[in-house]
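What follows is a short report on a single structure.
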Amino acid sequence: MAYYVTTPIYYVNGEPHLGHVYTTVAADVLARHMRQRGEEVFFLTGTDEHGEPVAQAAEREGVPPRELAERNAERFKEVARRVDATNDFFIRTSDPEHETVVAEIAARLKDNGHVYEGVYEGLYCPRCADFKTDSEVVDANKCPIHLIELEREQEQNWFFRMSAFQEPLERLYTERPDWVGPRNRYNEALSFIRGGLNDLSLSRARLSWGVPVPWDPEQVIYVWIDALLNYYSALTYARPGEDLRDRFWPPTVHLIAKDILKFHAIIWPAMLMAAEIELPRKLFIHGYLLMDEHKMSKSLGNVLDPFEVMDVYGTDALRYYLLREVSFGQDGSISPEGFETRYNTELANEYGNLASRTFAMIGKYRDGVVPAADPAPEVAMQFDGLAAAVKERIDAVEVSAALDDVWERVRALNRFVTEREPWKLAKDEAAATELDCVLYTLAEGLRVVSILLTPWMPSTTARLLAALGQPDESLASAELGAVGGGATLAELGQLFPRVEPRAEASA
Ligand code: ME8
């Protein structure tokens, strides 16, 4: 089965930050896991470069929008590489191929009779690039997201008759209750639809940074119409000479945060229906990372800077922390203290130490060769059905619950060491077979949890699997007992070395 996963395309008007890293890493976990299953995967991320948000930022900096876009798109690309994202393509909405598709689909919406000319009047937020209804604004005229005062604006525009899709959208939500997850977001979107849909202005007259409206080049296509189409256009040119739509359309899952729910859960399916394009299978809406409940401020030392964390602790530690600390789908706080605690107790102690103890004991008691034995029954019981459970979690986009499931087994292996006390067995010749069983079970358990953890911590697990002499990362081999004894262990070193508290944090 083909698997197509996307992140939002990020605005190039600002710096990449932890929120962007979060979605990209989560999408990468899904993509990597599916590749382990032998599925054909396409993973897309990229940048949103047109519209007011970028035009205005460029104006503030005194540079042309294209220049700002060039510079920041490069930074977002760099971040994707830095977090070890395995995206198959990086789309930029200023790509001429994307612009061509946007113009084509806009023309199709018009040809299909869903576009008309009219005057728009409303409170407009330039930061959201969105008109706000009276029920959405706060304090009479403020953007609910940016809390800036909005001006009432009027424009001659082309409109998309979104109101005509109210009933088809309601039907979509009734027929496919899984199409938006988690459930609270589904309910939110559905009640928004039931509240009544207005037509959507499809073009902007006052702006030139965008894709010209094909039948009225004085106007540009509204940035959200342009941006949403990235998920579709990318497949037409990501591989020169190939049309990937055949294999990958419709998308399996669009990952987004709740800030852009309305665009993805309402406008996007309405547009696709109007253009007669098959709808995506699923939207999954994750929560916000709350970096500080009070106020983000570097001087308070409470900001988790993703780049600093990766420099000091490595990329895998950050990937692990983000998806472990906050239950995927809900809001959650993160902090440098929280990170350090999980790094030390879970990564360094529970996983890193388990590996180094196992390697040390097999080295000392069995000359570095994994003994042949059957897995110990109490551990076998714990691992029974684990790979299948993880698959099911990932199918449901439960990215942190899947990680928790595996981590429980890391802990089970630690308990197993404590209970069986292999260092005592080693002193008793009559216990040689039992020691073989314990050491084999540990090596085998480490192998299985490491395969399953690969999507979250790819470099670490690759290192560990290589040192175990078992580089096969396919999910099919993630069964306890699938590999026998006999492998000679290589040098492993510390997986998560202790890090002295940063001077900055203790100052
Ligand atoms: O909205 N917690 O771009 P954007 C979790 N260009 N995720 C966060 C986050 C946080 N605190 N902050 C940002 C746009 N994100 C449009 C999208 S898509 C066709 C166009 C993540 O740069 C999250 O995925 O504002 C959120 O939806 C996205 O960044 C918004 O990125």
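Derivation of every value follows stated rules applied to the coordinates shown; laboratory data play no part. Here the structure is a predicted model, which means the values were calculated and not measured. A quick note on method: Cβ atoms are made from the backbone with ideal geometry, for glycine too, and the neighbour counts reach across all protein chains shown.
Points to keep in mind about this one:
- HN-Hα J in Hz across region 431-436 - Karplus 6.51, -1.76, 1.60, θ = phi - 60°, x for Gly and Pro: 9, 4, 5, 5, 4, 3
- Cβ-to-Cβ counts within 10 Å put Ile277, Ile148, Ile225 in ascending order as Ile148, Ile277, Ile225, the fewest first.
- By the Cβ-Cβ criterion of under 4.7 Å, the unpaired cysteines of the chain are Cys437.
- Net charge dipole, region 3-287: roughly 960 debye, given to the nearest 20, about the Cα centre with Cβ charges of +1 for Lys and Arg and -1 for Asp and Glu.
- Close amide-amide hydrogen proximity is noted between Leu202 and Trp158, Phe159, Phe160, each under 5 Å apart and 5 or more residues distant or on a separate chain (H modeled in the peptide plane; Pro and chain starts excluded).
- At R0 = 56 Å, FRET efficiency that the Cβ-Cβ distance of Glu61 and Asp178 yields, to 0.05: 0.80
- Entries in Lys391/Lys427; Lys110/Lys282; Lys262/Lys391 that, when Cα-Cα distance is taken, lie over 32 Å: Lys391/Lys427
- Long-range tail of P(r) for region 1-145 (Cα pairs > 20 Å, %): 62
- By other beta-carbon atoms within 10 Å, ranking Tyr4, Tyr173 with the fewest at the front produces Tyr173, Tyr4.
- Relative contact order (%) - the chain, alpha-carbon pairs under 8 angstrom, separation at least six: 14
- Rounded tilt (10° steps) of 166-175 against the dominant C-alpha axis of the chain: 20
- Counting charges near Ala462 (Lys, Arg +1; Asp, Glu -1) among other residues having Cβ under 12 Å from its Cβ returns a value of -2.
- Amide hydrogen proximity for Leu207: with H placed 1.01 Å from N in the peptide plane, the residues at 5 or more positions away or on another chain lying under 5 Å are Val220.
- Neighbourhood charge, 12 Å Cβ-Cβ cut-off, centred on Leu283 and excluding it, Lys, Arg +1 and Asp, Glu -1: +4
- Computed from backbone phi, the HN-Hα couplings of region 309-325 come to 4, 5, 4, 8, 10, x, 5, 4, 5, 5, 4, 4, 4, 4, 8, 8, 6 Hz, rounded to whole numbers (Karplus: 6.51 cos²θ - 1.76 cosθ + 1.60, θ = phi - 60°; Gly and Pro given as x).
- Selection of chymotrypsin sites (Phe, Trp or Tyr not before Pro), region 189-286, meeting DSSP coil and at most 15 other Cβ within 10 Å: Trp215
- Mean separation of Cα contacts under 8 Å, 6 or more apart, over the residue count of region 3-287: relative contact order %: 21
- Net charge, Trp224 excluded, C-beta distance under 12 Å - Lys, Arg +1, Asp, Glu -1: -2
- Ranking Phe131, Met271, Val25 by Cα position along the charge dipole of the chain, where only Lys, Arg, Asp and Glu carry charges on their C-beta atoms, puts Val25 farthest toward the positive end.
- Across region 3-287, Cα-Cα pairs more than 26 Å apart make up 42 percent of the total.
- Separation of region 332-361 and region 169-203, taken as the distance between their Cα centroids, equals 42 angstrom.
- A viscosity of 0.692 mPa s and a temperature of 37 °C, combined with the Kirkwood radius over C-alpha pairs in the Stokes-Einstein formula, give region 335-477 a diffusion coefficient of 208 µm²/s.
- Dipole of region 335-477 [Lys/Arg +1, Asp/Glu -1 at C-beta], most positive-end residue of Leu453, Ala426, Pro336: Ala426
- Among Phe165, Phe90, the order by Cβ neighbours within 10 angstrom, fewest to most, reads Phe90, Phe165.
- Taking only the C-alpha atoms of the chain, Rg followed by Dmax gives 25.9, 90 Å.
- Along region 78-87 the Karplus relation, 6.51 cos²θ - 1.76 cosθ + 1.60 evaluated at θ = phi - 60°, assigns HN-Hα couplings of 4, 5, 4, 5, 4, 8, 6, 6, 9, 4 Hz to successive residues, with x for each Gly and Pro.
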